[in-house]
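Structure first, commentary second.
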Amino acid sequence: MRVMVMVRATEASERGDPPSAALLAAMGRFNEELAKAGILLAADGLRPSSAGARVRFSGKARTVVDGPFAEAKELVAGFWLWQVRSLDEAIEWVRRCPNPFEQGESEIEIRPLFEAEDFAPDADAGGART
Amino acid sequence: MPTDSIHRAVDAIWRIESPKLIASLTRMVRDIGLAEELAQDALVAALENWPDAGMPDNPAAWLMATAKRRAIDQMRRQQLQQRKHEQLGHDLVAEQEEGHADIADALDDDIGDDLLRLVFTSCHPVLSREARVALTLRVLGGLATDEIARAFLVPEATIAQRIVRAKKTLAAADVPFEVPRGPELAERLAAVLEVIYLVFNEGYSATAGDDWMRPALCEDALRLGRVLQGLMPEQAEVHGLVALMEIQASRSRARIGPNGEPILLLEQNRTLWDRLAIQRGLAALARADKLGGALGPYALQAAIAACHARARVADETDWARIASLYAVLAGVTPSPVVELNRAVAVAMASGPAEGLAIVDALAGESLLQNYHLLPSVRGDFLAKLGRHAEARGEFERAASLTRNERERAMLLSRAAACAADA
């Protein structure tokens, strides 16, 4: 299964504060572990929401709203795409991740992707592991 | 943390850590079977310990330290036993200290080297292909016996026995725990890549039963392939194999229809292809090329798969390039199956009559006698040439040869269509 692992934004990330050299090194080591384990599919960091925009839909109308957006905790600051065997495995890997904001509070969210077998009519037949 | 979540966490940690544990322990005790037992003992210790004491900060290190302590105890017991038997008059204390120095060295050695040794040992040619696959999935994939059995549609006892025998065979043959060097390396690496690709194919296209795909095995194979990329970054064919698997796996979602029926490559909805997987595949292929491995059998097959991946619609496929890549592949690894694939490419590039000529030259091939794709491809060419009655016979023959029920249904429906057109 694949999971998207999202690092939630903080006030610091929304300010665009650069990570410390120590954190960069620790994250580098963590990413290396993910790659060595064969689970890392993709990874990237996102610029603060001030660099982004939203398009709001209301019936047929579309309104463009420029960033920044309030509620840093509900924004995403970066993500990975992993291929793991279970949600538990993803949780274990996230436990090993350095705190993305060092001493501060932060949260990482894990969300499984829909897979081909989710669309197959006989997903449970034939011993496909979940 | 509640006991249930500890158990789930331990299970996940086992999957991540067991290959490394078994690899390190095998180097210490020189026996995969014993190493696996020791690793599992450490796992049991964790399950006993952690619910009360709480999870350690670094559970991986805890498991490794516990397992190694047990391995050292085991080695000491063996040494003592041996000494008792041999009645040696040496200074025991001095020797034990020497022993400790060896063990300390062993602990410091790079874990990657041990993993690589484990890869080559579990894919050792002294084992049957089936045994290599089962043992590799068990010790390197971290899969339980029942999971391997389910994936391969065989009874659990069969897989359990296969693994037990494999370990005994390795011990009896005194297979050294090492990475082969020199001219032996290429041959042995080919055996490793073969095992990984067998696992992938088992998942990609089931050879028995009625389910078309068991995607988890594809993921296991890809994961092993990527691990090997990290362990042997200088080996072009490792990248070639990963490229091939990534590009093939990119089509997973497009190759099954709403009723579970297979959808052939050219009829697939290409917007369902996984572009990220294709990108990883093309990147791996570029690495293989850069290392001078463009003519490796896996790199060539990946290059062919890449031709399809690069075509946004089926009509844009560069069939002439595919046909020439198959011609090169036929030179590197001559096989009637490659020739059959070349026939398909040539037919697409230059017309079904040209393809039919190649297929007809394969008629006497004993290797293809019971291979359903030969009559299936021949039927396709004949149908395109308007020879419907002959085509129908070929599709029916193909249907009688395939072991995949969904494929059989598809072939029979093509036969019926030919009957209607005849």
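Since every read-out is calculated from the coordinates, none of them should be taken as a lab result. Here the structure is a predicted model, which means the values were calculated and not measured. Here the Cβ is made from the backbone with ideal geometry for all residues, glycine too, and neighbour counts use every protein chain on show.
How large is ³J(HN,Hα) for each residue in segment B:241-246, as worked out from phi by the Karplus curve 6.51 cos²θ - 1.76 cosθ + 1.60 (θ = phi - 60°), to whole Hz, x for Gly and Pro?
5, 4, 4, 4, 5, 4
Mind jotting down the three principal axis lengths of segment B:346-422 based on Cα atoms? Whole angstrom, largest first.
31, 31, 19
Quick one: what are the phi-derived ³J(HN,Hα) couplings along segment B:67-73, Karplus 6.51/-1.76/1.60 with θ = phi - 60°, whole Hz, x for glycine and proline?
5, 5, 4, 5, 5, 5, 4
Would you mind getting me the FRET efficiency between residue B:172 and residue A:35? Use the beta-carbon distance for r and R0 = 35 Å, nearest 0.05.
0.40
With axes computed from alpha carbons, what is the tilt in degrees of helix B:183-204 against the longest principal axis of chain B, rounded to the nearest 10 within 0 to 90?
70
For peptide B:137-149, what's the mean number of Cβ atoms from other chains within 10 Å of each residue's Cβ?
Counting Cβ atoms of other protein chains within 10 Å of each residue's Cβ and averaging gives 1.
On average, how many beta carbons from a partner chain sit within 10 Å of the beta carbon of a residue in B:267-278?
Counting other chains' Cβ atoms within 10 Å and averaging over B:267-278 gives 1.
List, in the order given, every pair from B:84/B:167; B:68/B:168; B:20/B:84 whose Cα-Cα distance in the structure shown is over 26 Å.
B:84/B:167; B:20/B:84
Taking springs between alpha-carbon atoms closer than 10 angstrom, which of B:311, B:23, B:191 fluctuates most in the Gaussian network model of chain B?
Highest fluctuation of the listed residues: B:311.
Of the candidates B:321, B:138, B:251, which one comes out as most mobile in a Gaussian network treatment of chain B with C-alpha springs shorter than 10 Å?
Comparing B:321, B:138, B:251 in the GNM, the peak value goes to B:321.
In deg cm²/dmol, rounded to 500, what helix-only [θ] at 222 nm does the protein assembly as shown give when every DSSP H run of at least 4 residues adds -39500 (n - 2.57) and the total is split over its residues?
-20000 deg cm²/dmol
Could you tell me the convex hull volume per residue, in Å³, taken over the Cα atoms of the protein assembly as shown?
Per residue, the Cα convex hull of the protein assembly as shown comes to 206 Å³.
What's the exposure ranking of B:312, B:70, going from fewest to most Cβ atoms within 10 Å?
In order of increasing Cβ crowding within 10 Å: B:312, B:70.
Please pull out the direction-averaged projected area of segment B:264-422, using the convex hull of its alpha-carbon atoms, in nm² to one decimal place.
Average of the hull's projected areas for segment B:264-422 equals 9.8 nm².
Quick one: what are the phi-derived ³J(HN,Hα) couplings along segment B:137-154, Karplus 6.51/-1.76/1.60 with θ = phi - 60°, whole Hz, x for glycine and proline?
Along segment B:137-154, the couplings run 5, 6, 8, 9, x, x, 8, 7, 4, 5, 5, 5, 4, 5, 5, 9, 6, 10 Hz.
Please compute the average number of Cβ atoms from other chains found within 10 Å of each residue's Cβ in peptide A:84-97.
Mean shielding count: 5.
Calculate the all-directions average of the projected area of segment B:213-317's alpha-carbon convex hull, and give it in nm².
Over all viewing directions, segment B:213-317 projects a mean Cα-hull area of 6.5 nm².
For a quick check: with amide H placed at 1.01 Å from N, whose amide H comes under 5 Å from residue B:128's, ignoring anything fewer than 5 positions away on the same chain?
Residues meeting the criterion, in which the H sits 1.01 Å from N, do not exist here.
Just the C-alpha atoms of segment B:309-400: what Rg/Rh do they give, with Rh taken as the Kirkwood radius?
0.98
Please list, in chain and number order, the residues 5+ apart from residue A:41 or on another chain whose amide H is under 5 Å from its amide H, with Hs placed from the backbone.
Hits under the 5 Å cutoff: A:81, A:82, A:83.
Once the Cα gyration tensor of chain B is found, what semi-axes does its equivalent ellipsoid get, as square roots of 5 times the eigenvalues, in whole Å, sorted largest first?
49, 23, 20
Once amide H atoms are placed 1.01 Å from N in the peptide plane, what residues at a sequence separation of 5 or more from residue A:78, or on another chain, have their amide H within under 5 Å of its amide H?
So residue A:78 has HN proximity to A:7, A:46.
Where in segment A:20-38 does the label zone of residue A:99 land, with the point 7 angstrom along Cα→C-beta and an amide N cut-off under 13 Å?
Residues A:23 qualify, since their backbone N sits under 13 Å from the label point.
What translational D, rounded to a whole number of µm²/s, comes out for segment B:119-260 from Stokes-Einstein when the hydrodynamic radius is the Kirkwood one over Cα pairs, at 20 °C and 1.002 mPa s?
136
Relative to a virtual label point 7 Å from the Cα of residue B:332 in the Cα→beta-carbon direction, which members of segment B:232-246 show backbone nitrogen distances below 18 Å?
Under 18 Å, as judged by backbone N against the label point of residue B:332, lie B:233-246 of segment B:232-246.
In which sequence would B:242, A:84 go, from the one with the fewest C-beta neighbours within 10 Å to the one with the most?
A:84, B:242
State, to one decimal in nm, how far the label point of residue B:181 lies from the label point of residue B:113, with both points 7 Å from Cα in the Cβ direction.
Here the answer is 1.1 nm between the modelled labels.
Using Cβ contacts closer than 10 Å as the measure, can you line up B:62, A:93 from fewest to most?
B:62, A:93
Of the GluC sites (Glu not before Pro) in segment B:323-422, which ones lie in a loop per DSSP and count no more than 15 other C-beta atoms within 10 Å?
B:365
Taking a temperature of 25 °C and a viscosity of 0.890 mPa s, what whole-number D in µm²/s does Stokes-Einstein yield for segment B:1-45 with Rh from Kirkwood over alpha carbon pairs?
Value of D from the Cα-based Kirkwood radius: 224 µm²/s.
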